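Taking it in order: structure first as structure tokens, then the write-up.
The values are calculated or read from the model by the stated rules, or taken from the named source; none is laboratory data. Owing to the predicted nature of the structure, the values given are computational and were not obtained by experimental measurement. Neighbour counts are summed over all protein chains in view; Cβ atoms, including those assigned to glycine, are modelled from backbone coordinates with ideal geometry.
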Number of protein chains: 2
Amino acid sequence: MDIVVQKFGGSSVANLECMRKVMAKVKEPLEQGSRLVVVLSAMAGETDRLIALAEEWSQNPPPAEMDVLLTTGEQVSASLFAMLLQANHIRARSLLGFQIPIHTDPSFGTARILDIDQAALREHFKKYEVLVVAGFQGCDINHNLTTLGRGGSDTSAVALAAVLQAKVCEIYTDVDGVYTTDPNICSQARKLSRIAYDEMLEMASMGAKVLQIRSVEFAKKYNVPVHVRSTFNTEPGTLLVQEDMAMESVLVSGVAYDKNQARITLVDVFDEPGIAASVFEPMATAGIVVDMIVQNPSREGRTDITFTVSKGDLERSKRLIENIQSDLGARGVFTDTHVSKVSVIGVGMRNHSGVAAIAFKALQAEDINILIISTSEIKISCLIEDKYTELAVRTLHEAFGLEKEPESAEFSR
Amino acid sequence: MDIVVQKFGGSSVANLECMRKVMAKVKEPLEQGSRLVVVLSAMAGETDRLIALAEEWSQNPPPAEMDVLLTTGEQVSASLFAMLLQANHIRARSLLGFQIPIHTDPSFGTARILDIDQAALREHFKKYEVLVVAGFQGCDINHNLTTLGRGGSDTSAVALAAVLQAKVCEIYTDVDGVYTTDPNICSQARKLSRIAYDEMLEMASMGAKVLQIRSVEFAKKYNVPVHVRSTFNTEPGTLLVQEDMAMESVLVSGVAYDKNQARITLVDVFDEPGIAASVFEPMATAGIVVDMIVQNPSREGRTDITFTVSKGDLERSKRLIENIQSDLGARGVFTDTHVSKVSVIGVGMRNHSGVAAIAFKALQAEDINILIISTSEIKISCLIEDKYTELAVRTLHEAFGLEKEPESAEFSR
């Protein structure tokens, strides 16, 4: 028995008309004899409405009660959609997280899936063709309701596809796939027909809001074929897969950017062992994620340390650093919010040298100064002045010829 | 440990301001050292909103999915109220039907409670002072969500009070107690300080919408002291209790009426054994409740059969009867919707004769013709022309002196 998992976001289930379009998508694999798990988000706007209510009721809504409140959103869309399918003679029923059950840890608001009872799901398939699952939710071992964080329905869908060994996990959304870069910035942006899990992880962590990062991690871990596509047309979208030879022959797959960066520089701190630890330990304790770090000697026995945090963490970070400034011997602490990060991403970098050189040269040709560089196996990131963001994205996109389909037509991306 | 159960209806939790008033009610027993179970309905209007959605999505919404949808209403109010209590430093948490669990049979939409895990509830009281329970809902043994029917939160509250052997089950509502009759019809109506379970059952089945009938049955069965009172003032309301000597010394406790009656008459059916069964068996099979029945011989070998059903069942009933009309030898089937039922109710009737005579004489004095009479141990009901309903209610109320407190001041009702 083939199983297909489909996930539809809030804008795809916003009203009856939208849900009818969703039903049309559901019928396709059904008519080919597959059984379906359909994972739904809350109707567009509903989660925000509930959050606003909670904030009216409590200045600091307790996360456990928040999850009880928020899970109603998906409960409503799942039950309504099951009604619609039944009214159209499709054997369907809704399933809530606790009913399957989808067990999670007890981290309310950001719970992680521990296990899913796939035997129970297969049992339901004896009676139903379509299981309509409320996304975003699970329960802990004490029957408390939990939620998986914003975008958590993606993770619900991929996790269900993993345990059921689904043929494919289709993520329907309001964009029609994953692009080489943001089409709003670069008119040359091209839809990728395939992307490697690792590339998608880098894209997602750079703010490409197509998928929740956790869902991509899940897909990678369990090798789930994920198909990102549009609810509103029938074009094929982008397939997330394990990287293969064809992918590795391509230098770069995409260009991403992140404007939510802030830079902090400590000037002339003592250049001695342990100094970096004394800077970054208090940040880690406070739960602040430090992204790029660079350290370079200034004058004798002294060094400058520069790093970036998200704009939202800047004020807290600055206060932490000022507390220890004198211990570090720092002459000053400077901050800058007019920065952004552009990155080129591609699994091909693993086997090719010279990618960084192409990127730096292209930026230099446009007189874009690079403030910090950081690299990983499949990514090169440059911090630049934020006014150059769009120019840098277009420049890099062109430098790597991303507007053109790769030569290997068979494995075109 | 004293446990108090409080139940608040939709208008009592309609918004934040209302919920603050509810919190004040909760604080009273709390300050006296009691632990509380607070049962909430959905916020006013929410259940109707969800029903309207379902009817948009499906012409005939399946009851199982309807229950998944409707239970979100109480889930929202319970979580919000738990947030409010926590924000005010009261140790509280929400509990949904399936979490307790409250086990019911699988009759979606009209489920009956089978059992409640009271040990689990007591366990929660080790950590929390107030358990905020979503009313109206439970789950069957297969983890399907179920609902207890309109007004089901009353039954949730009384059932919880029963298993926890609560000191009292307070039902807060927008009226301030149970009256001798409808104050909108009879300005002399008087609030009862106490009423026997059996009397309340009769009142409730006559459309006095203060309490769901099932909740009164529960209260009677488990001898739960139920206090019906107003959310919006601090006056004592009406206490539902086992009948006692003081009650039995009073002839009549209240006058009820029901305008939702329709009369069907079969004229000149064969007067032979089994004829009544052949009329009422098909009705029972179709789930139609027949209320009053009278049979009286017309001409030789023939008899007229008259009975009442609710107005909503009239058309279906008529069709059923017309199907078998010729088998019965009936000369005609007549229907009449311009009828209503007035009843006098009182446990005192068990020990006193002459109550019926007083009632009939009073109606006769106003020239109100009685179409059908039916009696039970504690009730006398008369079907009359509906235009006389209000007059009949006032007449009977006066005939039994209900405007006056009974003489025994100590056990005043």
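Residues in the range A:21-70 that are of a type in the set (Val, Ile, Thr) and touching a Ser or Thr at 6+ places or on another chain (Cβ under 7 Å): A:Val22, A:Val39, A:Val68. For beta carbons closer than 7 Å, sequence separation of 6+ or different chains, a first residue in the range B:105-128 that is more than 23 Å from B:Arg150 (Cβ to Cβ) and assigned by TED's automatic domain parsing to the domain that holds B:Ala92 and a second that is of a type in the set (D, E, K, R) and not in a loop (DSSP other than H, G, I, E, B), the qualifying pairs are B:Phe125/B:Arg35; B:Tyr128/B:Arg93. When the range A:141-178 is limited to residues that are within 16 Å of A:Val216 (Cβ to Cβ) and among the charged types (D, E, K, R), the one that is modelled with the lowest pLDDT turns out to be A:Arg150. In the set (1) of a type outside the set (D, E, K, R); (2) without any contact (Cβ under 8 Å) to a residue 12 or more places away in the chain; (3) at positive phi, A:Ala277 fails one condition alone, (3). Annotation for the range B:30-41: no member residue is within 12 Å of chain A (Cβ to nearest Cβ) and touching a residue at least 40 places away in the same chain (Cβ under 8 Å).
State yes or no: is B:Leu53 more than 19 Å from B:Leu160 (Cβ to Cβ), within 24 Å of the chain's Cα centre (by Cα) and either at pLDDT 95 or above or not β-branched (Val, Ile, Thr) (or both)? Here the answer is no, as B:Leu53 does not meet what is asked. Which of the residues that make up the range A:71-108 are assigned to a helix (DSSP H, G or I) and among the charged types (D, E, K, R)? Hit for the range A:71-108 is A:Glu74, nothing else. Taking (1) away from chain A (no Cβ under 12 Å); (2) basic (Lys, Arg); (3) part of a helix (DSSP H, G or I) in turn, B:Arg49 satisfies each apart from (1). When the residues of the range A:54-64 are filtered to those that are farther than 16 Å from A:Gly138 by Cβ and of a type outside the set (A, V, I, L, M, F, W, C), the one that is farthest from the other protein chains (Cβ to nearest Cβ) is A:Glu55. Please verify whether the range A:93-111 includes one or more residues that are within 13 Å of chain B (Cβ to nearest Cβ) and among the aromatic types (Phe, Trp, Tyr). Among the residues of the range A:93-111, at least one is within 13 Å of chain B (Cβ to nearest Cβ) and among the aromatic types (Phe, Trp, Tyr), which makes the answer yes. Within the range A:370-383, identify whether any single residue is surrounded by fewer than 20 Cβ atoms within 10 Å (Cβ to Cβ), within 20 Å of A:Gly254 (Cβ to Cβ) and more than 23 Å from the chain's Cα centre (by Cα), and answer yes or no. The answer is yes; a qualifying residue exists. A residue that is without any contact (Cβ under 8 Å) to a residue 40 or more places away in the chain, closer than 24 Å to B:Glu377 by Cβ and either outside the structural domain of B:Phe8 (by TED's automatic domain parsing) or exposed (fewer than 14 other Cβ atoms within 10 Å of the Cβ) (or both) occurs nowhere in the range B:297-307. Scanning the range B:230-255 for residues that are more than 22 Å from B:Val175 (Cα to Cα) and hydroxyl-bearing (Ser, Thr, Tyr) yields a total of 1.
Kindly establish whether A:Val68 is part of a strand (DSSP E or B) and either more than 16 Å from A:Leu148 (Cβ to Cβ) or touching a strand residue (DSSP E or B) at 6+ places or on another chain (Cβ under 9 Å) (or both). Taking the combined requirement at face value, the residue does not satisfy it.
Yes/no per residue for (1) modelled with pLDDT of 90 or more; (2) not in a helix (DSSP H, G or I):
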site	(1), (2)
B:Phe280	yes, no
B:Val294	no, yes
B:Thr308	yes, yes
B:Asp313	yes, no
B:Ser317	yes, no
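The residues of the range A:79-89 that are buried (at least 23 other Cβ atoms within 10 Å of the Cβ) and more than 7 Å from every other protein chain (Cβ to nearest Cβ), listed by number, are A:Phe81, A:Leu85.
Here is a list of conditions, (1) part of a strand (DSSP E or B); (2) within 21 Å of A:Asn15 (Cβ to Cβ), and A:Leu114 meets all of them except one; can you say which number that is? If we test A:Leu114 against (1) part of a strand (DSSP E or B); (2) within 21 Å of A:Asn15 (Cβ to Cβ), just (2) comes out false.
Scanning the range A:137-164 for residues that are within 14 Å of chain B (Cβ to nearest Cβ) and part of a loop (DSSP other than H, G, I, E, B) turns up A:Asp140, A:Ile141, A:Asn142, A:His143, A:Asn144. In the range A:17-46, of all residues being part of a loop (DSSP other than H, G, I, E, B) and out of contact with any Phe, Trp or Tyr (no Cβ under 8 Å at 6 or more places or on another chain), the one that is nearest to A:Val130 (Cα to Cα) corresponds to A:Ser34. Might you check whether a residue that is within 29 Å of the chain's Cα centre (by Cα), farther than 26 Å from A:Met245 by Cα and not in a loop (DSSP other than H, G, I, E, B) occurs anywhere in the range A:322-335? Looking through the range A:322-335, at least one residue is within 29 Å of the chain's Cα centre (by Cα), farther than 26 Å from A:Met245 by Cα and not in a loop (DSSP other than H, G, I, E, B). Look through the range B:65-77, keep the residues that are hydrophobic (A, V, I, L, M, F, W, C) and facing chain A (nearest Cβ under 7 Å), and return whichever of them is farthest from B:Gln99 (Cα to Cα). My answer is B:Leu69.
Each residue in the range A:336-368 was checked for being among the polar types (S, T, N, Q) and assigned to a helix (DSSP H, G or I), and 1 pass.
Has the range A:11-20 got any residue that is buried (at least 19 other Cβ atoms within 10 Å of the Cβ) and more than 10 Å from chain B (Cβ to nearest Cβ)? The answer is yes, given that some residue of the range A:11-20 is buried (at least 19 other Cβ atoms within 10 Å of the Cβ) and more than 10 Å from chain B (Cβ to nearest Cβ). Of everything listed in (1) within 21 Å of the chain's Cα centre (by Cα); (2) part of a strand (DSSP E or B), the single unmet condition for B:Val4 is (1). Only one of the numbered conditions (1) in a helix (DSSP H, G or I); (2) crowded, with 17+ Cβ neighbours inside 10 Å; (3) at pLDDT 95 or above is not met by A:Leu391, and that is (2).
Of the set (1) more than 8 Å from chain B (Cβ to nearest Cβ); (2) surrounded by fewer than 19 Cβ atoms within 10 Å (Cβ to Cβ); (3) farther than 30 Å from A:Lys126 by Cβ, all apply to A:Ala24 but (3).
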